Amino acid sequence: MRRTDRELTDREEIKRILEEAKVLRLGLKDGDYPYIVPLHYGYVYEGDVLRFYMHGAKAGKKYELVKADSHAFVELDCAVETTGEGDIACVYGANYASLMARGEVTVVEEPEEKIAGLKLLMRAQTGRDFEITEQQAAGVAVFRFDATAYSAKKRRIG
């Protein structure tokens with residue numbers, strides 16, 4: 001990270017980003033170009049383990065790209081706001097908090113883990129706990145992203 005003065009290492013601050021952000025951008029390899037898709041997510045952040053769960057269709061571009069190559073990248077951000085005022089462009093900036101991670105993404109096949117991942121997703125997105133049946137979980141693909149490296153940063157002006 002070039003701007004180490006903005007780096008976040010405190011677990012509580014990182015957890016705040018994970019709680020506040022609602023959309024994760026999943027970057028996958030698609031030949032010569034990256035493929036990026038915004039997704040709702042749930043997560044597990046215990047010790048040094050950072051794992052995200054997302055869901056989607058059991059067919060389609062995202063599903064096929066994940067099956068073809070597990071290497072992936074995620075980005076999420078929150079507390080984004082423009083700062084500055086006046087007629088000079090260079091005085092403007094932005095406040096934000098963000099997290100980026102590289103790792104491996106896989107399609108979850110095990111019914112219990114699919115259910116657990118969907119429950120985490122619903123908890124993160126709604127703040128509520130839901131019962132999810134094996135039949136409901138069977139109707140969707142659940143993707144698990146295991147971060148092998150991640151960093152977080154924050155910028156606050158004023």
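The values are calculated or read from the model by the stated rules, or taken from the named source; none is laboratory data. Being a predicted model, the structure only gives us computed values, none of them experimental. Positions of Cβ are generated from backbone atoms using ideal geometry, with glycine treated the same way; all protein chains shown enter the neighbour counts. Areas reflect the complete protein model, heavy atoms only, side chains present, ligands, DNA and RNA absent. Shrake-Rupley method; radii C 1.70, N 1.55, O 1.52, S 1.80 Å.
A few remarks follow.
- One residue from 63, 43, 33 being of a type in the set (Ser, Thr, Tyr), touching a helix residue (DSSP H, G or I) at 6+ places or on another chain (Cβ under 8 Å) and at pLDDT 95 or above: 43
- Taking the conditions (1) in a strand (DSSP E or B); (2) open to solvent by less than 50 Å² (accessible area, probe 1.4 Å) in turn, residue 66 satisfies each one other than (1).
- Residue ID - nearest to residue 141 (Cα to Cα), chosen from residues in segment 98-111 that are hydrophobic (A, V, I, L, M, F, W, C) and within 13 Å of the chain's Cα centre (by Cα): 105
- For segment 117-158, the set of residues classified as part of a strand (DSSP E or B), touching a helix residue (DSSP H, G or I) at 6+ places or on another chain (Cβ under 7 Å) and among the aromatic types (Phe, Trp, Tyr) consists of 143 only.
- The set of residues from segment 118-132 being surrounded by fewer than 16 Cβ atoms within 10 Å (Cβ to Cβ) and of a type outside the set (Val, Ile, Thr) comprises 123, 125, 127, 128, 129, 130, 131.
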